[in-house]
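Worksheet for the structure shown next.
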Amino acid sequence: MKKILFLLSLVLLFTTLPVFAGEAPTMNKDELKAQMTSEKLAILDVRSGRDWSSSEFKIKGAVRAAASDLAKLSADYKKDQKLVLYCA
Amino acid sequence: MNPSILLSLALGSGWLLSPESLVIAGNSAGQLGFLILPLLAAVALLFTGCGKLLNNQSLPATDSKEFQIIQNLTGTIPAAGITIAACVPLTVLAATALLVTAGYTFNEVFLYWFPNFGFSFLLLALLTILQLFPEKIIFRAQICFTALAAGGLIILALSGMTGGERPATEIAQQPFSFASASPAVLLFIFAGSTFSGKKQTPSFLVPLAGFVIFFLWTFASLNYVNPERLASSTIPYMTAARKILGDPGRQIMGIVIISGTSAAVTGLMLLSRHMLANIFVKKETDKKLLGTKVLRWFFPPLIAIITAVLLATGLAGDELLEVLLRSALILWLLYYSFLCLSALVWINKSEHPIPLQALLSTLFLLISLCTLMISNPHKTSIYIFIFSALGISSIIAAGWFSIHKKTNKQMEVTA
């Protein structure tokens, strides 16, 4: 029984730990909705691979971009534009 | 229905009902139109022929016959190498890919507030825990998963056939399609469908069931969704489900995807345990229990840990996962073709007549596999993956058998 409990704990530990991600500045959906029509806002869909292909929902007007090209992206947009990146 | 037939259907249908198979079927339906229906029949017939070949009376009737057949042709270490290379990478990569899809489906269809990756990890943990239970419980769960997935698809397909909506006209653009190589990708849908894990089960059972389900589903999809959209969509199953029944259709498809993922992961884990038991377990009675305690307690948590690491390191968000999964599927089909070839050699050696259907099926399987490999845009990566997997697996097998030999010799000396 101890063996079973040990193995179960091990499995749960390894499979649930990665869920806790670090914090990043965020914008909630109401804030985003309020600014959607603004020209100073650019929405970038930085999902790739299965994160993008398995998802049914895509924000209207969002442009697909690679998160790794962040430096290039900042050059592509005006300095006064707010870039909203979404990855989930 | 006879419980053993039900179980054989459930084990063989694991991969068949996975979201990946639905994507391949949807994209192919979009590309080929109604031509997909006879092609599905042809692929089902091909796998029936291969299954019939492996059930041939002149082949051994043991649980480990697949390993024995290849071993007879190549020797122990290469046979063990190709078997490990075929099942372990496919189990890990398919679990990684399918769990991501299940996570997104749960999040977008059922609970918006529940993180998609959280669901992927939770489902992985639950399916791993399931593997630690006695076989009877795993088999019952597998029957439930496949029944839910098949039932949901049939309900949606029949609803689509009785409805009268006209096809949509809009065309979506999407740069990458899994099924873009050739109609030979339909082989992926039926891959492994003849491994029922049970003897004396008709070889046509799973391919026929698969053909009926996919016939109904692709027919309904083509009646509702514009072929261009089906061909280019990354989630053609959800597009069709929404068109057929609206939001309830999405919810039914959500159940299909989650139960299909569970069935595929459980089926692949069981299949891998069965195949590894055939290599590493000596006693025939232990093999019947899908391996020893070691395989039961060690293999599923190991696969879960590797899958969790792959998920956590972001492989799901990398195009590389698609290439790796495709490579693993091709390697699986390569193993299966090699098994059929070895079976033909065995029958020929035993001076029994070779059935024509079996011969033709093996030939067509090999031709289709070559087409798949040659026409693939990522063929270099696929070759590298195949050779690496075969090399590493052979080294593991050689190491295992050399240690095992030494231990046996030491035991003999002590005795």
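Every number in this text was worked out from the coordinates using simple rules, so none of it is lab data. Quantities reported herein were computed from a predicted structural model and do not represent experimental measurements. In this analysis, Cβ positions are derived from the backbone assuming ideal geometry, glycine residues included, and neighbour counts consider all displayed protein chains.
Count, for each residue of B:303-310, the Cβ atoms from other chains sitting within 10 Å of its Cβ, then give me the mean as a whole number.
Counting other chains' Cβ atoms within 10 Å and averaging over B:303-310 gives 3.
For each of B:ARG296, A:ARG64, A:ARG50, count neighbouring Cβ atoms within 10 Å of the residue's Cβ, then give the residues from fewest to most.
A:ARG64, B:ARG296, A:ARG50
Net charge near A:SER68: determine it from the other residues with C-beta under 15 Å of the C-beta of A:SER68, scoring Lys and Arg +1 and Asp and Glu -1.
-3
By its C-alpha gyration tensor, with a ≥ b ≥ c as the square roots of the eigenvalues, how is the range B:301-415 shaped: rounded for a/c under 1.5, else prolate for a/b larger than b/c, else oblate?
Because a/c hits 1.5 or more and a/b fails to exceed b/c, the range B:301-415 counts as oblate.
Please compute, for peptide B:320-328, the average count of beta-carbon atoms on other protein chains lying within 10 Å of each residue's beta-carbon.
Counting other chains' Cβ atoms within 10 Å and averaging over B:320-328 gives 1.
What order, most packed first, do the peptides B:117-129, B:260-272, B:304-316 have when packing is the mean number of other Cβ atoms within 10 Å of each residue? The partial results should precede the final answer.
Numbers: B:117-129: 22.0, B:260-272: 27.4, B:304-316: 20.1.
My ranking of the peptides, most packed first, is B:260-272, B:117-129, B:304-316.
Please give the direction-averaged projected area of the C-alpha convex hull for the range B:7-109, in square nanometres with one decimal.
Its Cα hull, projected and averaged over all orientations, spans 9.2 nm².
In chain B, which whole DSSP H runs stretch at least 15 Å along their own axis (Cα) and average 1.0 or higher on the Kyte-Doolittle scale?
Numbers: long enough: B:19-32 (19 Å, 0.39); B:36-54 (27 Å, 2.05); B:76-105 (43 Å, 1.62); B:116-131 (23 Å, 1.79); B:135-162 (40 Å, 1.35); B:205-224 (29 Å, 1.69); B:236-280 (50 Å, 0.70); B:293-312 (29 Å, 1.74); B:320-349 (43 Å, 1.53); B:356-374 (27 Å, 2.21); B:379-414 (52 Å, 0.47).
Membrane-span-like by this rule: B:36-54, B:76-105, B:116-131, B:135-162, B:205-224, B:293-312, B:320-349, B:356-374.
So, by mean Cβ neighbours within 10 angstrom, what's the order for B:376-386, B:149-159, A:78-88, B:221-231 with the highest one leading?
Sorting B:376-386, B:149-159, A:78-88, B:221-231 by mean packing, highest first, produces B:221-231, B:149-159, B:376-386, A:78-88.
Using mean Cβ contacts within 10 Å as the protection proxy, how do B:343-351, B:396-404, B:324-332, B:9-17 order, highest first?
Descending mean neighbour count gives B:9-17, B:324-332, B:343-351, B:396-404.
Each label point is 7 Å from the Cα along the Cα-to-Cβ direction; what then is the distance between the points at B:VAL294 and B:HIS404, in nm?
Each label point is offset 7 Å from its Cα along the Cβ direction, giving 0.9 nm.
How many percent of all Cα-Cα pairs in chain B sit more than 33 Å apart?
The calculated P(r) of chain B puts 30 percent of pairs beyond 33 Å.
Taking amide hydrogens as modeled 1.01 Å from N in the peptide plane, which residues meet the under 5 Å criterion relative to A:LEU44, leaving out close sequence neighbours?
A:VAL63, A:VAL84, A:LEU85, A:TYR86
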